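One structure follows; several queries about it will come next.
The values are calculated or read from the model by the stated rules, or taken from the named source; none is laboratory data. Only a predicted model underlies this, so the values are computations on that prediction, with no experimental measurement involved. Cβ placement follows ideal geometry from the backbone for every residue including glycine, while neighbour counts extend to all protein chains displayed.
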Amino acid sequence: MGSGYRITYSLIYVVMEKLLKDKSEVPSFGREMEKISPFELKNRLIELADERIKKSMQTMLNAGRGNPNWIATQPREAFFILGKFGLEECRRVLDREDGIAGIPQKEGIAKRFEQFLKVNKSTPGCTLLADCYRYMIDEHRVDADELVHEWAECVIGDQYPVPDRILKFTEIAVRDYLAQELCGGRPPQGDFDLFATEGGTAAMCYIFDSLEQNFLLGKGDNVALMTPVFTPYIEIPELERFSFKVTEIPADRMSGDGLHLWQYSEKALSKLRDPSYKALFVVNPSNPPSYMMDEKSIDLLVDIVTRWNPNLMIVTDDVYATFVPGFQSLMARLPHNTIGVYSFSKYFGATGWRLAVAALHRDNIFDTLLTRLPRKRKGELQKRYGSIRADVENMRFIDRMVADSRMVALNHTSGLSLPQQLQMSLFALYSVIDSRSEDKFRQGMLGIIKSRLNTLWESMGFTLPADSTRAGYYSEIDLLVWAKKFYGEDFVDYLKFNYSPLDIVFRLATETSLVVLNGGGFDGPEWSIRVSLANLDEKDYATIGKCIRGVLETYAEKWKNALPVEV
């Protein structure tokens, strides 16, 4: 199947050929599919196929999903060599012939670890492990035995997570990483408390759940959503349980020559001055456009919150932050109002590890709003969390999230597993340490993404202007913008009248064996498509670009042939 991520979706070709044999069915079938989440679209087509089709051995290039086809090797090597040390520590305590060993003991473990590093210094990962150890001691003056004991227990996985929110030294390491990557090296005064979660998706679920459970958001409340956006942020507020009134803040600014800037206008953002808006949900850098919010928009948001809507609760999902040099999150600029979500999945090629954190500043609006709840609501929350502590009124929002993640009753077994937290720590420390030297990993990662992006756009024959806000993890291509540039407004009208916006997605699948996602499914421009730059080889993006341009030219030929002949 090759080194690029590929899937056996040739069945889509056959299904669509069967369904769309009558060309008049294309628009109606497309409009039916417009209602479906873009991530479910491929699954729906598979359901329509018969077993013969599913057994097809042909392959299809899948540029729909964002799962990267790279990994960070060194922090994984450090994890594996630490596993050897952990087992040695267990066998030092008890080593039976039947395969039963003891558990790591704290006393003197740091000296034994230092000796282990010397003996194994030539083993891959050992140098990074030693650097991480020295960093934690030199930068944070941590107790060496306590640190190494936590690491040994983590890699062995013999304990429940204690503290349950996040382990002591994991929090220290990840705080440093977030200060570097999400705060541009300029974190605000005071500390962020972190909650380690099973990936960014779990963090999202916990946040929505706790906001509702604690009466900070309820049915019918006004919330705002910056679009285009990752589809769960569109779909979750519409669930019966939440039923929020959602206002979209579109990235509708255009350049002078008619290209999308994927930034937010002052007019759109100014809606948030209305204090009836209780919450704002942001993906920054955006998904799918893959641009970070520019300084103008951030400054305007800061002004809106400061002067007009000081109680606005902001949730920012910053998973793609590491792909924009100098990125600064709303966590850094509006720490009092913001919950930050960061996942390690994309940058380190670790979607299978399920590693993320929710970050909340110790001085925050969420805790303040809890103190302002009516007495009746406080009484209900006393009953909900009363099995955990007597003074529920003093229980912070982030700790309520931890409890809610295990339906409160299982709070004593909550928390991310120890091996996961260790790998998270090693990813974080690796990046911090590497940035202080040659910064090889970052430069290599950005180079991969930039090269793929340029290949895609050059092969389409389109012009992609330089932009310092671009992350480039995805590319959202608005076909109507380029249709107008190449062929004029009449051609745009022709496309809108004769085809569904999903037609381009289906045609790429059936005619070129390429999978892309429809941008309209992300509440972006209806005729846009999202291409992931993460999961295929560079040569594949040349193929994709040529196919996209070829489909557009096919439309144009049909349009030209339909024009009346001048006499």
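Within the group 446, 416, which residue is under 20 Å from the mean Cα position of the chain (by Cα) and surrounded by fewer than 19 Cβ atoms within 10 Å (Cβ to Cβ)?
Checking each option against the conditions leaves just 446.
Among (1) in a strand (DSSP E or B); (2) at pLDDT 95 or above, where does residue 477 come up short?
That leaves (2) as the condition not met.
Let me ask you something else. Taking the stated definitions as given, is residue 551 assigned to a helix (DSSP H, G or I), under 26 Å from the mean Cα position of the chain (by Cα) and among the β-branched types (Val, Ile, Thr)?
No.
Suppose we filter 493, 478 for residues that are in contact with a His (Cβ under 7 Å, 6 or more places away or on another chain) and more than 25 Å from residue 198 (Cα to Cα); which single one remains?
478
Go through (1) more than 17 Å from residue 290 (Cα to Cα); (2) not in a helix (DSSP H, G or I) for residue 505 and report which single condition fails.
With (1) more than 17 Å from residue 290 (Cα to Cα); (2) not in a helix (DSSP H, G or I) applied to residue 505, the lone miss is (2).
Does residue 196 count as closer than 28 Å to residue 397 by Cα, modelled with pLDDT of 95 or more and touching a Pro at 6+ places or on another chain (Cβ under 6 Å)?
Details: closer than 28 Å to residue 397 by Cα: yes; modelled with pLDDT of 95 or more: yes; touching a Pro at 6+ places or on another chain (Cβ under 6 Å): no.
Taking the combined requirement at face value, the residue does not satisfy it.
Another one. Check residue 466 against each of (1) closer than 26 Å to residue 293 by Cα; (2) in contact (Cβ under 8 Å) with a residue 40 or more places away in the chain and name the one condition it does not meet.
Failing condition for residue 466: (2).
Same structure, new question: Mind checking which pairs have a first residue in segment 436-451 that is under 15 Å from residue 128 (Cβ atoms) and a second that is surrounded by 11 or more Cβ atoms within 10 Å (Cβ to Cβ), Cβ under 6 Å, 6 or more apart or different chains?
As it stands, the answer is 441/434, since those pairs meet every condition given.
Please tell me if residue 124 is assigned to a loop (DSSP other than H, G, I, E, B), in contact with an Asp or Glu (Cβ under 6 Å, 6 or more places away or on another chain) and in contact (Cβ under 8 Å) with a residue 40 or more places away in the chain.
Working: assigned to a loop (DSSP other than H, G, I, E, B): yes; in contact with an Asp or Glu (Cβ under 6 Å, 6 or more places away or on another chain): yes; in contact (Cβ under 8 Å) with a residue 40 or more places away in the chain: yes.
Here the answer is yes, as residue 124 does meet what is asked.
In segment 130-157, how many residues are under 16 Å from residue 88 (Cβ atoms) and not in a helix (DSSP H, G or I)?
Counting residues in segment 130-157 that are under 16 Å from residue 88 (Cβ atoms) and not in a helix (DSSP H, G or I) gives 1.
Can you tell me how many residues within segment 260-303 are of a type in the set (Phe, Trp, Tyr) and within 17 Å of residue 319 (Cα to Cα)?
Final tally of qualifying residues: 2.
How many residues does segment 337-388 hold that are crowded, with 16+ Cβ neighbours inside 10 Å and part of a loop (DSSP other than H, G, I, E, B)?
Count: 12.
For residues that are out of contact with any Leu (no Cβ under 9 Å at 6 or more places or on another chain), farther than 23 Å from residue 221 by Cβ and not in a loop (DSSP other than H, G, I, E, B), tally how many sit in segment 235-266.
1
Give the residue, chosen from 341, 324, 315, 357, that is under 20 Å from residue 221 (Cα atoms), assigned by TED's automatic domain parsing to the domain that holds residue 274, in contact with a strand residue (DSSP E or B) (Cβ under 8 Å, 6 or more places away or on another chain) and not polar (S, T, N, Q).
Residue meeting the stated conditions: 315.
May I ask you to list the residues in segment 142-175 that are crowded, with 19+ Cβ neighbours inside 10 Å and among the charged types (D, E, K, R)?
150, 153, 164, 165, 171, 175
If you check 431, 435, 475, which single one turns out to be under 21 Å from residue 286 (Cβ atoms) and touching a helix residue (DSSP H, G or I) at 6+ places or on another chain (Cβ under 8 Å)?
Unique residue meeting the criteria: 475.
Pairs needed: first member in segment 500-523, in contact (Cβ under 8 Å) with a residue 60 or more places away in the chain and more than 17 Å from residue 62 (Cα to Cα); second member anywhere, in a strand (DSSP E or B) and β-branched (Val, Ile, Thr); C-beta distance under 8 Å; at least 6 residues apart or different chains.
522/227; 523/227
Next question, about the same structure. Looking at the structure I just gave you, is residue 321 surrounded by 22 or more Cβ atoms within 10 Å (Cβ to Cβ), within 11 Å of the chain's Cα centre (by Cα) and either hydroxyl-bearing (Ser, Thr, Tyr) or under 17 Å from residue 283 (Cα atoms) (or both)?
Details: surrounded by 22 or more Cβ atoms within 10 Å (Cβ to Cβ): yes; within 11 Å of the chain's Cα centre (by Cα): yes; either hydroxyl-bearing (Ser, Thr, Tyr) or under 17 Å from residue 283 (Cα atoms) (or both): yes.
Yes, satisfied.
Sticking with this structure for a sec: Could you identify the single residue in 240, 266, 198 that is of a type in the set (Asp, Glu) and touching a residue at least 60 places away in the same chain (Cβ under 8 Å)?
198
A further question on this structure: Could you tell me how many of the residues in segment 78-108 are part of a helix (DSSP H, G or I) and touching a Leu at 6+ places or on another chain (Cβ under 8 Å)?
4
Check whether at least one residue in segment 114-123 is at pLDDT 95 or above, β-branched (Val, Ile, Thr) and under 36 Å from the mean Cα position of the chain (by Cα), and report yes or no.
Yes, there is a match, as at least one residue in segment 114-123 is at pLDDT 95 or above, β-branched (Val, Ile, Thr) and under 36 Å from the mean Cα position of the chain (by Cα).
Any chance segment 466-474 includes a residue that's part of a helix (DSSP H, G or I), surrounded by fewer than 16 Cβ atoms within 10 Å (Cβ to Cβ) and not aromatic (Phe, Trp, Tyr)?
No, segment 466-474 contains no residue that is part of a helix (DSSP H, G or I), surrounded by fewer than 16 Cβ atoms within 10 Å (Cβ to Cβ) and not aromatic (Phe, Trp, Tyr).
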